[in-house]
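See below for the structure under consideration.
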Amino acid sequence: MRKGEMIVAALFMVVSLIVIWECFRLGFGWEPQQGPQAGMVPFYLALLMLGCSAFLFYLGWRREKKEDDNFFINKEGMMEAGRIALMTLIFSVIVVYAGVYFAMLIFSPIFVRWLGKHSWTAVIAFTVIITLTVYFGMEVGLKIPLPRSPLYMQGKFII
Amino acid sequence: METIGHLMMGFGVAFQPLSLLMMVLGLLLGLAVGVLPGLGGTAGVALLLPLTVLVPPEVAIIFLAAIYWGALYGGVITSVLFAIPGEPWSVALIFDGYPMAKQGKSGLALSAAFIASFVGIVVAALIFVAAAMPLALFALKFGPPEMFAIMLLAFSTFVGLGTGQPSKTLVSTAFGLLLTAVGLDLVTGQPRLTFGQISWLSGYHFVPITIGMFGIGEIMIDGEDRFNTEIKEVIHAKVGIKDMKEGLKAIWAFFPQTVLASLMGFFVGVLPGTGATPASFLGYGLAKQYSKHPERYGHGAIEGVIAPQAAANSAGTGSLLPMVSLGIPGSPTAAVLLAGLYMWGLWPGPRLFTEQPVFVWGLIASLFLSGTVCLIICMVGVPALAAIMRVPWGMLTPTIIIACFIGSFVMRNIMFDVWCTLIFGWIGYVMKKLKYPLAPLAVALVLGDMTERFFRQSLIMGDGNPMVFFDRPISKWFMIVAILLFAFPVFQLVKAKVKAGKAQAA
């Protein structure tokens with residue numbers, strides 16, 4: 001937890017410094033006849049965030065390392081959180097480059113099989129049902145178009 | 001009298017077939033959200049927000065509020081039956097609800113909790129009816145300095161009254177406010193904090209960030225916890241007529257306590273820094289402290305189920321009062337609803353009451369109606385709702401993930417929001433693990449633009465002199481209270497140091 005606290009506090013400090021640097025470009029003072037410059041509010045907010053995160057970094061650094069004080073609950077939990085993070089990454093990358101339907105057709109079986117450890121029948125049933133539900137619910141029912149693949153855009157494929 | 005006329009009109013709106021249909025749909029979705037541990041009320045409302053453009057605003061708000069009420073009711077079920085809180089505000093119900101269930105009184109515990117929820121909502125809705133209009137009229141006197149002061153006051157409640165570490169609360173708030181600053185500056189039109197990214201020019205949108213933090217982040221926490229929480233004995237339950245009768249009797253026996261818990265819950269709910277979760281703990285604590293039999297608590301005392309649940313539901317309703325009348329959300333879920341208001345082109349405050357009476361009074365009337373309908377659904381639907389828990393994790397989680405990403409995308413139809421959901425999901429996970437409070441961040445995301453605009457307008461009014469906030473009678477007091485709340489942790493620290501010093505000297 002100590003390392004986690006310090007890393008996160010340091011990241012917030014970096015973000016604050018980037019914002020402060022940007023505010024120097026924008027100007028954070030008072031423009032006569034105009035009012036506050038564009039960077040004024042972000043500048044002081046970033047200053048506040050910098051101060052608080054520096055304090056949190058100090059608290060983390062001063063803190064002693066204790067047993068059962070880890071960032072993750074246990075090793076298994078850490079692996080699981082990592083696997084879910086990876087799955088969300090996979091899903092979003094496919095959505096962005098190949099559309100929602102490809103994403104669902106690839107993501108769902110991997111998730112249900114790999115993380116859910118279900119039988120192949122369940123995997124196929126889940127994938128088919130979720131894809132059809134999204135299609136009929138969103139595109140047919142609510143008439144909200146979802147992103148599709150470049151192949152669809154060229155008229156070469158149905159999704 | 002005027003209020004009663006308005007309320008009648010509101011019931012006219014709430015009883016329209018479309019409103020009724022959407023309300024029941026919202027309640028069912030909310031109940032499911034409340035039962036599922038991996039999905040909270042805030043994410044649930046945020047997920048469905050983009051779809052509300054398909055119906056008129058007065059129906060949309062009834063629908064979204066119904067999800068919130070459903071989630072408030074639904075958390076009860078898993079707490080009592082499985083000792084797993086479906087929502088943070090139902091943790092306090094485990095203390096006595098689960099022991100009752102183990103004694104074979106699960107039906108009674110559930111029915112008492114549901115009736116208590118109902119009492120909580122009705123008490124809160126009555127205060128709402130009485131207070132909404134005067135509060136909004138009071139806000140008529142507000143100019144930019146007052147609006148800024150009240151927003152500052154809202155943020156200060158997180159620091160002064162919230163449970164998080166003050167520095168972390170401040171970092172969360174500042175981070176949220178900075179995120180809203182990204183994009184074109186409202187006053188000068190300059191691009192700021194965009195670092196040359198075209199897609200950043202239109203700014204970060206509230207919905208993908210909220211869905212990421214409260215949806216994806218929560219899923220990751222839940223997945224990790226899977227290897228820590230031992231599944232306790234699962235108790236099956238059905239609420240029978242007998243349970244309902246006994247539940248009613250129990251509520252009647254503890255009626256003063258129930259109403260008191262509801263009143264207290266309402267005021268806790270109105271403050272942005274506190275919400276349904278602290279309200280339910282407070283309700284439990286107060287009931288225990290002033291009970292004639294405090295020793296019964298923790299071993300299945302029915303009043304230990306009633307008080308926290310009445311307080312939680314009342315707080316949920318209370319959090320909507322400042323949202324509608326002042327534009328200050330009383331909880332993260334209310335913040336999502338406020339984002340909805342802006343999305344539908346509505347402006348909270350006094351103008352809403354005069355220009356959109358159908359919207360305001362429809363919402364208020366729906367409080368009574370949803371409370372009643374939800375009570376009925378819960379009473380008959382417990383077995384079905386408890387069965388939702390049996391949906392395997394390995395199928396539920398991918399469904400929620402898919403819903404989260406689609407929900408954020410359809411808001412603005414841009415791919416940038418997909419990335420936002422992903423990144424803020426991870427950020428939310430880490431922040432939550434390190435106990436950075438996310439509620440101030442959600443509120444900051446909704447209020448950010450407005451806070452900055454009012455701040456700058458005020459400064460222009462005062463020609464650059466910050467004393468403008470202290471020169472005006474109303475804003476002066478808001479500012480003083482806000483500053484005291486911000487300074488509160490420092491007082492506490494000094495007090496603790498003095499105490500420690502004395503202890504050392506002695």
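Being more than 21 Å from the chain's Cα centre (by Cα) and away from chain A (no Cβ under 11 Å) is a property that B:ILE241 has.
When each of B:THR157, B:THR188, B:THR210 is tested for being away from chain A (no Cβ under 12 Å) and over 17 Å from B:PHE486 (Cα atoms), the lone residue that passes is B:THR210. Within the range A:51-105, the only residue that satisfies the criterion of being more than 10 Å from chain B (Cβ to nearest Cβ), touching a Ser or Thr at 6+ places or on another chain (Cβ under 7 Å) and surrounded by fewer than 18 Cβ atoms within 10 Å (Cβ to Cβ) is A:LEU105. Between B:ALA139, B:ALA154, the distinction of being open to solvent by less than 20 Å² (accessible area, probe 1.4 Å), at pLDDT below 90 and within 26 Å of B:LEU441 (Cβ to Cβ) belongs to B:ALA139 only. The residue that is farthest from the other protein chains (Cβ to nearest Cβ), among those in the range B:409-445 that are over 29 Å from A:LEU56 (Cβ atoms) and open to solvent by less than 10 Å² (accessible area, probe 1.4 Å), is B:ASP417. Could you check, for the range B:471-482, whether at least one of its residues is in a helix (DSSP H, G or I) and over 29 Å from the mean Cα position of the chain (by Cα)? There is at least one residue in the range B:471-482 that is in a helix (DSSP H, G or I) and over 29 Å from the mean Cα position of the chain (by Cα). Residue check: A:GLY4 meets all listed conditions (1) modelled with pLDDT of 90 or more; (2) within 8 Å of chain B (Cβ to nearest Cβ); (3) within 16 Å of B:SER167 (Cβ to Cβ); (4) under 23 Å from the mean Cα position of the chain (by Cα) but one, namely (1). Of B:GLY75, B:GLY86, all but one fail to be in contact with a Pro (Cβ under 8 Å, 6 or more places away or on another chain), outside any helix (DSSP H, G or I) and in contact (Cβ under 8 Å) with a residue 24 or more places away in the chain; the exception is B:GLY86. Consider B:ILE241 against the criteria (1) modelled with pLDDT under 90; (2) under 30 Å from A:ILE84 (Cβ atoms): it satisfies all of them except one. Which criterion is unmet? Exception for B:ILE241: condition (2). Flag: A:ALA9 matches the condition of being in a helix (DSSP H, G or I), open to solvent by less than 90 Å² (accessible area, probe 1.4 Å) and within 9 Å of another protein chain (Cβ to nearest Cβ). Hey, could you check the range B:389-401 for residues that are over 30 Å from A:ILE7 (Cα atoms) and β-branched (Val, Ile, Thr) and say which is nearest to the other protein chains (Cβ to nearest Cβ)? So the residue we want is B:THR399. Against the conditions (1) under 26 Å from B:ASP417 (Cβ atoms); (2) touching a residue at least 24 places away in the same chain (Cβ under 8 Å), A:GLU80 satisfies every one except (1).
Of the residues B:LEU177, B:LEU184, B:LEU248, B:LEU260, the single one that is touching a residue at least 12 places away in the same chain (Cβ under 8 Å), in contact with a strand residue (DSSP E or B) (Cβ under 7 Å, 6 or more places away or on another chain) and open to solvent by 20 Å² or more (accessible area, probe 1.4 Å) is B:LEU184.
The values are calculated or read from the model by the stated rules, or taken from the named source; none is laboratory data. Since we're looking at a predicted model, the values are computed, not measured. Glycine also receives a Cβ, built like all others from the backbone with ideal geometry; neighbour counts cover every protein chain displayed. Side chains included, ligands, DNA and RNA excluded: accessible areas come from the protein's heavy atoms. Shrake-Rupley method; radii C 1.70, N 1.55, O 1.52, S 1.80 Å.
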